[in-house]
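> Can you read through this structure? Questions will come right after.
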Amino acid sequence: MSTAAAMLPKPVVFCGPSGVGKGTLIEMLMKRFPNNQFGFSVSHTTRKPRDGEIDGQHYNFTTVDGIKKEIDDGKFVEYAEVHGNYYGTSVAAVEAVQNEKRICVLDIDIQGVMKVKQSSLKPIYLFISAPSLDELEKRLRGRGTESEESIKKRLANSKKEMDYGHGAGNFDKIFVNADLKATFEDMALSFKEWYPELDEVAEDDEQKNYMYFSSPMNAQCSM
Ligand SMILES: Nc1ncnc2c1ncn2[C@@H]1O[C@H](COP(=O)(O)OP(=O)(O)OP(=O)(O)O)[C@@H](O)[C@H]1O
């Protein structure tokens, strides 16, 4: 790696069973550290573009032959074949985010993590763990986005994922997402250590506004 590349922010991998709260935590991080300090890479896909989807923005649209060749050439950090279509993340797409001095977030499954480990990327690997499998089921059902079949499939995977996630040396840090706010604050502290250049929004801007308007003095002023 060149010195210039070494100065760019390391990507960060989020992995964990479905429904554990990865998406929620990533969204919270992006709010606490706003203004595009984090970014997602643009994935490649061989599926046809849907109405309104722009090549290079929503996806990099490609062909099966094209993506297979690039995978063989080692140009992908991870990929998967889903219902006959390929989806993947190229090294170049991650580097594009890094070159903008943004932290590239990779929200991927265990298979993806294993592939990233064989790639040239040197990310920080985070595993988001669940307090229990029962709690995971509750969250997945509570989210209301999955069919019964999909819930069963996701839960069947979760046990294996949790085992791998807790395996020695597989991840740089494990966060057990029991209480969301506590997990997030713990995670925010870690991010400030890993990326000292991160710009943080005052934790409780909303809270401060609330206190301002609810203090008796200001309440009187605003009358
Ligand atoms: N600590 C928590 N306690 C209770 N509920 C939580 C907690 N963290 C997240 N949730 C809720 O659990 C549900 C699943 O969270 P989320 O969608 O972020 O999971 P995910 O890991 O991104 O799942 P997937 O991999 O399927 O995309 C959401 O409804 C979210 O609000």
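The values are calculated or read from the model by the stated rules, or taken from the named source; none is laboratory data. Keep in mind the model is a prediction, meaning the values are calculated, not measured. No Cβ is skipped: glycine too gets one built from the backbone with ideal geometry, and neighbour counts run over all protein chains shown.
Results for (1) touching an Asp or Glu at 6+ places or on another chain (Cβ under 6 Å); (2) over 21 Å from GLU27 (Cβ atoms), shown as yes or no for each residue.
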{"site": "LYS122", "(1), (2)": "no, yes"}
{"site": "TYR125", "(1), (2)": "yes, no"}
{"site": "GLY144", "(1), (2)": "no, no"}
{"site": "ASP172", "(1), (2)": "no, yes"}
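> Could you please let me know if GLY66 is of a type outside the set (Lys, Arg), touching a strand residue (DSSP E or B) at 6+ places or on another chain (Cβ under 9 Å) and farther than 19 Å from ASN85 by Cβ?
Values: of a type outside the set (Lys, Arg): yes; touching a strand residue (DSSP E or B) at 6+ places or on another chain (Cβ under 9 Å): yes; farther than 19 Å from ASN85 by Cβ: no.
So GLY66 fails the test.
> Between residues in the stretch 138-167 that are on the phi < 0 side of the Ramachandran plot and residues that are among the aromatic types (Phe, Trp, Tyr) and at pLDDT 90 or above, which pairs lie under 6 Å by C-beta distance while being six or more apart or on different chains?
GLY165/PHE127
> Another question about this same structure. Select, from ALA156, ALA182, ALA168, the only residue that is at pLDDT below 95, surrounded by fewer than 17 Cβ atoms within 10 Å (Cβ to Cβ), out of contact with any His (no Cβ under 7 Å at 6 or more places or on another chain) and small (Gly, Ala, Ser).
Working: ALA182 fails: at pLDDT below 95; ALA168 fails: at pLDDT below 95.
Selected residue: ALA156, the only one of ALA156, ALA182, ALA168 that is at pLDDT below 95, surrounded by fewer than 17 Cβ atoms within 10 Å (Cβ to Cβ), out of contact with any His (no Cβ under 7 Å at 6 or more places or on another chain) and small (Gly, Ala, Ser).
> Now for a different question. Please verify whether VAL77 is surrounded by 13 or more Cβ atoms within 10 Å (Cβ to Cβ), aliphatic (A, V, I, L, M) and closer than 18 Å to GLN118 by Cα, treating the condition exactly as stated. Don't jump to the end; show me each part of the working.
Working: surrounded by 13 or more Cβ atoms within 10 Å (Cβ to Cβ): yes; aliphatic (A, V, I, L, M): yes; closer than 18 Å to GLN118 by Cα: yes.
For VAL77, the condition - surrounded by 13 or more Cβ atoms within 10 Å (Cβ to Cβ), aliphatic (A, V, I, L, M) and closer than 18 Å to GLN118 by Cα - is met.
> Another question, then. Looking at the stretch 116-131, can you tell me whether even one residue there is of a type in the set (Gly, Ala, Ser), surrounded by 16 or more Cβ atoms within 10 Å (Cβ to Cβ) and within 16 Å of the ligand (Cβ to nearest atom)?
yes
> Suppose we keep only residues that are touching a Phe, Trp or Tyr at 6+ places or on another chain (Cβ under 7 Å) and within 20 Å of SER129 (Cα to Cα) within the stretch 6-24. Which one would you say is nearest to the ligand (Cβ to nearest atom)?
Of the residues in the stretch 6-24, the ones touching a Phe, Trp or Tyr at 6+ places or on another chain (Cβ under 7 Å) are 9, 13, 15-16, 22.
Of the ones still in play, those that are also within 20 Å of SER129 (Cα to Cα) are 13, 15-16, 22.
Working: VAL13: 13, CYS15: 9, GLY16: 6, LYS22: 4 Å.
Here the residue is LYS22.
> Taking into account only those residues within the stretch 137-172 that are within 23 Å of VAL13 (Cα to Cα) and among the small types (Gly, Ala, Ser), which is nearest to the ligand (Cβ to nearest atom)?
Step by step, filter the stretch 137-172, then rank; the result is SER158.
> With the structure loaded, tell me whether THR46 is over 26 Å from PRO9 (Cα atoms) and buried (at least 19 other Cβ atoms within 10 Å of the Cβ) or whether it fails that test.
Taking the combined requirement at face value, the residue satisfies it.
> Go through the stretch 168-189 residue by residue and tally those that are in a loop (DSSP other than H, G, I, E, B), touching a residue at least 40 places away in the same chain (Cβ under 8 Å) and of a type in the set (Gly, Ala, Ser).
The first filter runs over the stretch 168-189 and keeps only residues in a loop (DSSP other than H, G, I, E, B), leaving 168-172, 177-179.
This time we only want the ones that are touching a residue at least 40 places away in the same chain (Cβ under 8 Å), so: 170-172, 177-178.
Restricting the remaining residues to those that are of a type in the set (Gly, Ala, Ser) gives 178.
The number of residues fulfilling the criteria is 1.
> Filter the stretch 150-172 for residues that are closer than 13 Å to LEU136 by Cβ and of a type in the set (Gly, Ala, Ser) and give the result.
ALA156, SER158, GLY165, listed by residue number.
> Can you pull out every residue in the stretch 190-207 that is aliphatic (A, V, I, L, M) and either surrounded by 10 or more Cβ atoms within 10 Å (Cβ to Cβ) or more than 20 Å from MET30 (Cβ to Cβ) (or both)?
Filtering the stretch 190-207 for residues aliphatic (A, V, I, L, M) gives 198, 201-202.
Those that are aliphatic (A, V, I, L, M) and either surrounded by 10 or more Cβ atoms within 10 Å (Cβ to Cβ) or more than 20 Å from MET30 (Cβ to Cβ) (or both): LEU198, VAL201.
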